[in-house]
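Visitor: Below is a structure I'd like to ask you about.
The values are calculated or read from the model by the stated rules, or taken from the named source; none is laboratory data. Being a predicted model, the structure only gives us computed values, none of them experimental. Backbone-built Cβ (ideal geometry, glycine too); neighbour counts: all protein chains shown.
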Amino acid sequence: MLMVEGLLILACLIPAFHFADGTWPAITASGLFTFNIGLFLTVSFHGAHRITDKRLAYLLVVIMWVVLSLFGTLPYLSTGATTSFANALFESTSGITSTGATIFSAVEWLPASILLWRSMTQWIGGFGIVLLVLALVPSMGINKYSLYTAEASGADNTGKQTTSMGATVRHTLGVYILLTCFFILVLWKSGLHIWDAVNITFTNISSGGFSIYNNSLEHLTHTQQYITAAIMLLSGINFSMLYYFLTLDWKRLRNKFDQLICYLTTFLIGAVFAILALALKMGYSWADAVRCGIVQTISVLTTTGSLVADTSQWWVPITFLFVVLSLCGGMAGATTGGLKTMRVLILIRNVRKILRDRLHPRSVNPVRLNRKPVSEDIITNVMVIFMVYAAVTFVGIMLLMLSGINATESIGAAIACITSYGPGLGTSGGFGCYADFTTSGKIICTLLMLLGRLECLTLIILFVPKFWSRG
Amino acid sequence: MPIHTKIEEWPAERLGLRRFNFRLIARLTGILLIYMAISMVLPLAVSLFYRDGAQFAIVISGTTILILGLFLRNFVGRNATFDLKETESYWFTAFIWLAIPFCGTIPYLFSGTIGSFTDAVFESVSGFTTTGSSILSKPENLPESLLVYRSFTQWIGGMGFMLFVVAILRKLGVGGEQLYEAEFSGTRQRKLHPHLSKSVTRLFTIYSILTFTMMVLLLVSGTSVFESLCLSFSTVSTGGFVPHSMGLISLSNGSLSVVTVFMILSGISLAQLYYLFTFKWRQYSRDEELWSYLGIFVLVSLVSTIAFTTVGNDFRTSLRYSIFHIASSMSSCGFYIPQPQHWSFLVSVLTFLLILMGASAGSTGGGIKILRVITLYKYISNYFTRMIHPNAVTCVKVNQKVVEEDYINKIFAFVFLYIAFILIGAFILTLCGCTIPDSICMAAANISNLGPSPLINSLGGSLDYSTLPQIAKWALSTLMVAGRIELFAIIAIVSPAYWKR
């Protein structure tokens, strides 16, 4: 993995040379360094046996993300884009976790290679998430937890699962790259400079949200904004679903219909409210309200964090609604953060089940998803994740407040980081940035991003004493 | 009894509501109203004693409530069958929580002390749900009798109407158990006596003794009769109405400590208190909830004292304030005394946590309840163990009893709903122009039946609910009721599943 990262850093040399911005020695050095370490690690662990212990799997995943974030700081530090390590770490983690929160108040000043690197980290991160979910979930101790994976049925015998896993990864990767190329082309055709097109596609397809302009999407024409919205909307949809869509496999597509409908409904509700509020309360013209409302709601729901306007100036209820929407997030198996549509659906349907149970104590009321009953294990897992998520968010807000940030901003920043949305409320929201946060605040945010990305449990489990004890 | 023929006469059948035993619900509500009317004697006495001029208003409103009650009991509810199904008990819960607070507004409106209907409903709901949020910015301008009435509504609400019903109507068959459980939030309260009505009577006795003791102690420590009456009503019920706009500033140190002790006591399950008073040591030495409650209280008070001291207050003030404040927040009383000079954010955050967590299950306090929190905590840590060792056979025990999956699931769903309600409530409040932290705190404080909280103050908001727009007041009133009847009943009657045959 580090090797890949090293190569990607080297890829940033292209713009560095192209724009001749004088950062190439630094970039080369960090690229080569990462590449070498990656090579070294791969060689030295070549003979290592397969991962059989679950604990090792958890540890590996966490280490992978932490190490990626750490090495991701090299380009920032070596080019002098930022001098403080906390800043670099924040930016790098924000990239890798596809959060999109930035500490750069004026991104236009950064060298082109760094900008590309930022976008690129998100692009890798975005894919890493899908991979992570696919790879990790079966090892979460629940083989039945194949809701995420495409082949929902018959994942029982292990041999079959490995093959289908490999196929799924290939499909997903294919879709991801295909979409990226497609949208770069579309944006380019719509009159955008190829440089902008590449960056925007990279950051939006991964639901990241870094921008190469201070005013994010406001920089683009209206058509281009809608195209970006389409990218984001797609990035919030389960990738295997997109694959089935592309291969016209309707039967399998229908297997995930529930989530899709819920996802789109949530989007519609949010968008309608945002449009109405913008038009009636904020004095936008209807055309502007529709555009901003739709694009921004998509950006929030998929936890991308690209901005069509300075949302920190928007009416408070809209921003609050956005916070809640970002907590819901997009579909599982996509690049988005948040709780994921599927979990929200299960949570709601579980409430309904309990009501029915109480009203008709002798009836059997399974929680159904896509017309199939959901097993107890999954419900419990969803519930535990929800509780831990809520608790972590709360602790995050608390710590941020203690680090000297006011209440509104703490709430905004904590939720924006844990859901990997990006822009918070107040100064960290809208076109603002996290530069004014204290160092401890930045570190807390960085941690929250990682926690959110790894769905809390994976990271927290490392701190359970039993994890390290034998037996 | 030829009951079935009787029920079919009722037009409700034509409305498709035959399933509901409307008559019984009406009858029970009627009886409650009659008792409520009788209880108006107390404010009347206060009024006559203090000559505050509100006696006519009270008499008139008492009579109105009495007539309403008689109408419901003897006309609508005549020939009711004494059989309450699960479905109906939800309906009953909801109906009663509509009817009583609405009737509770009558004295405010008739006496002209609160002009607008919305305000009166807010105040009345806040009373009966033992919340203690008030739209009165200067309560001392009210006649004494109405202040006593205000606190008395909390006292009634604290004991729970349902318990009254159960205690009074011994005839009640199967439905009674459900009401008992509905009142105690489905947290599996042990019954104190195999006979439901007897255990209710015991709870009621404890409650009354507690109130009476507190009143006497307050009197001894030098509080006026009027204040000790009001305060003991609103402390034991964890309500928090204060007859003075400056909070408890006028109380002596002795009285303040009495209030503190009783706040802590009222956060404990009534059943546990019963064991305490009857010296059944074993019953409560094994109770995890009780010890967690006390443990958390001591721990958080200490942390908060340290927090206050480090920001520059002197130790004595910090300690005194911390203990009072934490007791008030944990038991969901919501009393406040003047804050120390320097406020600490750590305390705000801890307070918010405590507000959400709330008091013990089976007490008059609100919140998610400690029992649920303990269960969740244990379950989640067990879940981690299972993640590491997927084949391990483990179980979660609370109070020496294994917790079933089904029960856990209910708790999870409850907490989910709780958070959802807070978010929805906060959203409505932001629509009314409050800032986001204020909205969240207000929603949380009201759904947990805490009422006024220095927390809101410390974040820059105001304790005064009178300036809120009408929609916000209605939203908060709904939240209070939702929190008091623990959400499921509200969700139940608005869910389509409930209306299906």
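Visitor: Name the residues in region A:354-375 that are facing another protein chain (nearest Cβ under 10 Å), touching a helix residue (DSSP H, G or I) at 6+ places or on another chain (Cβ under 7 Å) and part of a loop (DSSP other than H, G, I, E, B), would you?
Guide: Once the filter is applied, which keeps residues that are facing another protein chain (nearest Cβ under 10 Å), touching a helix residue (DSSP H, G or I) at 6+ places or on another chain (Cβ under 7 Å) and part of a loop (DSSP other than H, G, I, E, B), region A:354-375 yields A:Asn365, A:Val367.
Visitor: Given (1) without any contact (Cβ under 8 Å) to a residue 24 or more places away in the chain; (2) farther than 20 Å from A:Cys433 by Cα, where does A:Val316 come up short, assuming only one miss?
Guide: Checking A:Val316 against (1) without any contact (Cβ under 8 Å) to a residue 24 or more places away in the chain; (2) farther than 20 Å from A:Cys433 by Cα, the one that fails is (2).
Visitor: Inspect region A:404-418 for any residue being under 19 Å from B:Cys441 (Cα atoms), free of Cβ contacts under 8 Å to residues at least 12 places away in the same chain, among the hydrophobic types (A, V, I, L, M, F, W, C) and not in a loop (DSSP other than H, G, I, E, B) and give the result as yes or no.
Guide: There is at least one residue in region A:404-418 that is under 19 Å from B:Cys441 (Cα atoms), free of Cβ contacts under 8 Å to residues at least 12 places away in the same chain, among the hydrophobic types (A, V, I, L, M, F, W, C) and not in a loop (DSSP other than H, G, I, E, B).
Visitor: In this structure, does B:Leu353 turn out to be in a helix (DSSP H, G or I), aliphatic (A, V, I, L, M), at pLDDT 80 or above and under 24 Å from B:Ile206 (Cβ atoms)?
Guide: So B:Leu353 fails the test.
Visitor: Let me ask something additional. Which residues, counting only those in region A:327-348, are touching a strand residue (DSSP E or B) at 6+ places or on another chain (Cβ under 8 Å) and over 21 Å from B:Ile411 (Cβ atoms)?
Guide: Listed by number, the list holds a single entry, A:Met342.
Visitor: Let me spell it out: the conditions are (1) facing chain B (nearest Cβ under 10 Å); (2) surrounded by fewer than 23 Cβ atoms within 10 Å (Cβ to Cβ); (3) not acidic (Asp, Glu), and A:Ala407 meets all of them except one. Which number is the exception?
Guide: It is condition (2) that A:Ala407 fails.
Visitor: Still on this structure, I have one more. Residues that are within 26 Å of B:Leu487 (Cβ to Cβ), touching a strand residue (DSSP E or B) at 6+ places or on another chain (Cβ under 8 Å), surrounded by fewer than 18 Cβ atoms within 10 Å (Cβ to Cβ) and modelled with pLDDT of 80 or more: does region B:378-390 have at least one?
Guide: Going through region B:378-390, the residues within 26 Å of B:Leu487 (Cβ to Cβ) turn out to be B:378-383.
Checking which are touching a strand residue (DSSP E or B) at 6+ places or on another chain (Cβ under 8 Å) leaves us with B:378.
Next cut, surrounded by fewer than 18 Cβ atoms within 10 Å (Cβ to Cβ) only: B:378.
Those still in the list that are modelled with pLDDT of 80 or more too: B:378.
Scanning region B:378-390 turns up at least one residue that is within 26 Å of B:Leu487 (Cβ to Cβ), touching a strand residue (DSSP E or B) at 6+ places or on another chain (Cβ under 8 Å), surrounded by fewer than 18 Cβ atoms within 10 Å (Cβ to Cβ) and modelled with pLDDT of 80 or more.
Visitor: Can you tell me how many residues in region A:104-121 are more than 18 Å from the chain's Cα centre (by Cα) and either among the charged types (D, E, K, R) or part of a loop (DSSP other than H, G, I, E, B) (or both)?
Guide: Of the residues in region A:104-121, 6 are more than 18 Å from the chain's Cα centre (by Cα) and either among the charged types (D, E, K, R) or part of a loop (DSSP other than H, G, I, E, B) (or both).
Visitor: I'd like to check something: does region B:356-376 contain any residue that is more than 30 Å from B:Ser301 (Cα to Cα) and within 9 Å of chain A (Cβ to nearest Cβ)?
Guide: no
Visitor: Can I ask one more? I'd like to verify a number: residues in region A:380-391 that are more than 8 Å from chain B (Cβ to nearest Cβ) and surrounded by fewer than 20 Cβ atoms within 10 Å (Cβ to Cβ), how many?
Guide: Residues that pass the stated criteria total 2.
Visitor: If you scan region B:383-434, which residues turn out to be among the polar types (S, T, N, Q) and within 10 Å of chain A (Cβ to nearest Cβ)?
Guide: B:Thr385, B:Asn391, B:Asn409, B:Thr430, listed by residue number.
Visitor: Could you grab me the full set of residues in region A:340-373 that are among the β-branched types (Val, Ile, Thr) and within 26 Å of A:Leu233 (Cβ to Cβ)?
Guide: The answer is A:Thr341, A:Val344, A:Ile346, A:Ile348.
Visitor: Take region A:428-471 and flag every residue that is away from chain B (no Cβ under 14 Å), crowded, with 20+ Cβ neighbours inside 10 Å and in a helix (DSSP H, G or I).
Guide: Within region A:428-471, A:Tyr434, A:Lys442, A:Cys445, A:Thr446, A:Leu448, A:Met449, A:Leu450, A:Leu451, A:Gly452, A:Arg453 qualify.
Visitor: I need the full set of residues from region B:307-344 which are without any contact (Cβ under 8 Å) to a residue 12 or more places away in the chain and of a type in the set (A, V, I, L, M, F, W, C), in order please.
Guide: Result: B:Phe315, single match.
Each row is one residue, and each column tells you yes or no for (1) in contact with a Pro (Cβ under 9 Å, 6 or more places away or on another chain); (2) of a type in the set (Asp, Glu); (3) crowded, with 20+ Cβ neighbours inside 10 Å.
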position	(1), (2), (3)
B:Val300	no, no, yes
B:Phe315	no, no, no
B:His325	yes, no, yes
B:Ser348	yes, no, yes
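Visitor: Okay, moving on. Scanning region A:296-328 for residues that are small (Gly, Ala, Ser) and either within 16 Å of A:Leu233 (Cα to Cα) or within 11 Å of chain B (Cβ to nearest Cβ) (or both), which turns out surrounded by the fewest Cβ atoms within 10 Å (Cβ to Cβ)?
Guide: Step one: of region A:296-328, the residues small (Gly, Ala, Ser) are A:299, A:305-306, A:309, A:312, A:326.
Then keep just the ones that are either within 16 Å of A:Leu233 (Cα to Cα) or within 11 Å of chain B (Cβ to nearest Cβ) (or both); that gives A:299, A:305-306, A:326.
Working: A:Ser299: 32, A:Gly305: 32, A:Ser306: 30, A:Ser326: 28.
The qualifying residue surrounded by the fewest Cβ atoms within 10 Å (Cβ to Cβ) is A:Ser326.
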